[in-house]
Amino acid sequence: MNKIDIETIIKNKLENHEFKYDNSWNKFEKNIIRNKVSFKKYYYYTAAAIIIIATSLFLITNNSYTKKNIAKSIKETISNKLLKNTNEITQKTENTSTANKESKSKETSKTIQNTINKTELTYKENDNEQTNAQTNTNQPNNAKPTTIVNNEKTKISANFIANVVEGCEPFTVFFTPETTQNLEYTWIFSDGTTSHEKNPKHTFKKAGNYTVELIVKNNNSTQNLIKENYITVNTTPIATFYSTNEDNIYYFSCSTDYKNINWQINSTKISTDENFNYEFKTIGKSEITLFVENEFGCKANSSKIINIEPVFQIANAFTPDNNGNNETFAPIFENIDNYKFTLYIYDAFGKQIFKSNFDNEDWNGKINNSNNIATEGSYVWKLLIKDNSGNQLIKKGSVFLKK
């Protein structure tokens, strides 16, 4: 219905009325203030509501595939809704000018595209945040890693190892659990002892096979592991030997149960036999050590200190009377080649009346090597003995001079 038809109808209707129709109605119609309807705010509100609903769905949904489908569906829904609203707005404003229609159409298309772009951006941001949360802790470079703890019971292990499992008594072993978790530890050893240390050090004092059990516990569970006859302790030999002495010739012997034998005197290896003889030619203390090893490779040793003195004989009286029997006084050594002596003689008043002028010189009864024979009686002697290594020893006694 156009403008001319409307005026004709109005004119015909007013012909029977008191006032006749004139063109002043056109002027009146033009002066009427019309309430222009703004449809722009309606599709803004619609788009905002759809974006809020879409964002809520993204936050609730964890599956990225589902979110992509929802985003696609929302995108299509927004497009359809806005296009539908645009068509309705276009139909209601068809009486507006062609210029206004084109302007609103461009503005509407721009709004639709912006809304769609915002929706896609929201989806991408949420999707990236979800991906980063799954693959990265999003912490600073200098931050310590964060351990994610779930509600499931943490598995624990009671497995353990020893640094060595076989040795000789007494045998010391270090035990280490497999786990690095902070747990309660209980170690049970079959020798009747226990420990609550994480890395215990334990000494098995006697030979035998020993079982070890470890019990680990946390707030959620308890595990244990038993290793039967895990530790083997072998018998350590006893290095025992015997010795006899005859004129500084010693006889040493030990048991025949040893696999390896080594005798040492003053740290010098002497023999590897079970039994051996040895003549000491030096004055003073000597150390004899026996080293032994059994079939298990267990070793032991023992030592003795022997005080060596030269073996000699000395008379308690002599007769310097020129009859050819027992004319001088001096010691007689078993091995004169190993020792030398200096002899001193003192009278009853402690006065020295004789000293050897050279090694191994006898006293002939004369005072200070003169022609005067000492009077009959008892005299004190002192003997300074030296070995070939420079070691020396002093011996004292008395002798009776008989004429």
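The values are calculated or read from the model by the stated rules, or taken from the named source; none is laboratory data. On a predicted model such as this, the values are computed, not experimentally measured, just so you know. In this analysis, Cβ positions are derived from the backbone assuming ideal geometry, glycine residues included, and neighbour counts consider all displayed protein chains.
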Practice task
Kindly indicate whether any position in region 378-396 is assigned to a loop (DSSP other than H, G, I, E, B), among the acidic types (Asp, Glu) and closer than 30 Å to TYR242 by Cα.
Solution key: no
Problem - Subset of region 276-318 (residues that are closer than 27 Å to ASN260 by Cβ and in a loop (DSSP other than H, G, I, E, B)) - result: PHE280, ASN294, GLU295, PHE296, GLY297, CYS298
Practice task
Determine the pairs where a residue that is in contact (Cβ under 8 Å) with a residue 40 or more places away in the chain, located within region 322-343, has a partner that is among the acidic types (Asp, Glu) with Cβ atoms under 7 Å apart, the partner being 6 or more residues away or on another chain.
Solution key: PHE329/ASP362; GLU334/ASP247; ASN338/ASP387; TYR339/ASP387; LYS340/ASP359; PHE341/ASP359; THR342/ASP359; LEU343/GLU361
Fill in the blank from the handout: With the first residue restricted to region 375-403 and required to be acidic (Asp, Glu), and the second required to be in a strand (DSSP E or B), Cβ contacts under 6 Å at 6 or more apart or on different chains are GLU376/LEU401; ASP387/TYR339
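One line per residue, one yes/no per condition, for (1) surrounded by 15 or more Cβ atoms within 10 Å (Cβ to Cβ); (2) in contact with a Ser or Thr (Cβ under 8 Å, 6 or more places away or on another chain); (3) not assigned by TED's automatic domain parsing to the domain that holds LEU393:
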| position | (1), (2), (3) |
| --- | --- |
| ILE332 | no, no, no |
| ASN335 | no, no, no |
| TYR339 | yes, no, no |
| THR342 | yes, yes, no |
| GLY350 | no, no, no |
Fill in the blank from the handout: Considering residues that are in contact with a strand residue (DSSP E or B) (Cβ under 9 Å, 6 or more places away or on another chain), surrounded by fewer than 18 Cβ atoms within 10 Å (Cβ to Cβ) and under 29 Å from THR180 (Cβ atoms), the number found within region 216-268 is 11
Problem - Scope region 193-221; condition within 24 Å of the chain's Cα centre (by Cα) and within 14 Å of ILE156 (Cα to Cα); matching residues - result: LEU214, ILE215, VAL216, LYS217, ASN218
Completion exercise
Quick count over region 347-373, residues being in contact with a Lys or Arg (Cβ under 7 Å, 6 or more places away or on another chain), more than 15 Å from ALA330 (Cβ to Cβ) and assigned to a loop (DSSP other than H, G, I, E, B), is 1
Exercise for the section: Output the number of residues of region 228-255 satisfying the condition of being charged (D, E, K, R) and either under 30 Å from ILE308 (Cβ atoms) or touching a residue at least 60 places away in the same chain (Cβ under 8 Å) (or both). Expected result: 2
Completion exercise
Just one listed residue, out of THR256, THR289, THR244, THR282, is within 50 Å of the chain's Cα centre (by Cα), among the β-branched types (Val, Ile, Thr), more than 30 Å from ASN371 (Cβ to Cβ) and modelled with pLDDT under 95, and it is THR256
Problem - Pairs with Cβ under 7 Å, 6+ apart, first in region 279-291 and on the phi > 0 side of the Ramachandran plot, second outside any strand (DSSP E or B) and polar (S, T, N, Q) - result: GLY284/ASN391
Exercise for the section: Select from region 192-205 the residues that are in contact with a Ser or Thr (Cβ under 9 Å, 6 or more places away or on another chain) and of a type in the set (Lys, Arg) and write down the one among them that is farthest from GLY297 (Cα to Cα). Expected result: LYS198
Exercise for the section: Those residues that are within 18 Å of the chain's Cα centre (by Cα) and surrounded by 15 or more Cβ atoms within 10 Å (Cβ to Cβ), I need them from region 169-192; list them, please. Expected result: VAL173, PHE175, PRO177, THR179, LEU183, TYR185
Practice task
Answer yes or no: is there a residue in region 280-290 that is surrounded by 18 or more Cβ atoms within 10 Å (Cβ to Cβ), more than 24 Å from ASN338 (Cα to Cα) and of a type outside the set (Ser, Thr, Tyr).
Solution key: yes
Completion exercise
Per the filter on region 227-275, residues among the aromatic types (Phe, Trp, Tyr) and assigned to a loop (DSSP other than H, G, I, E, B) are TYR258
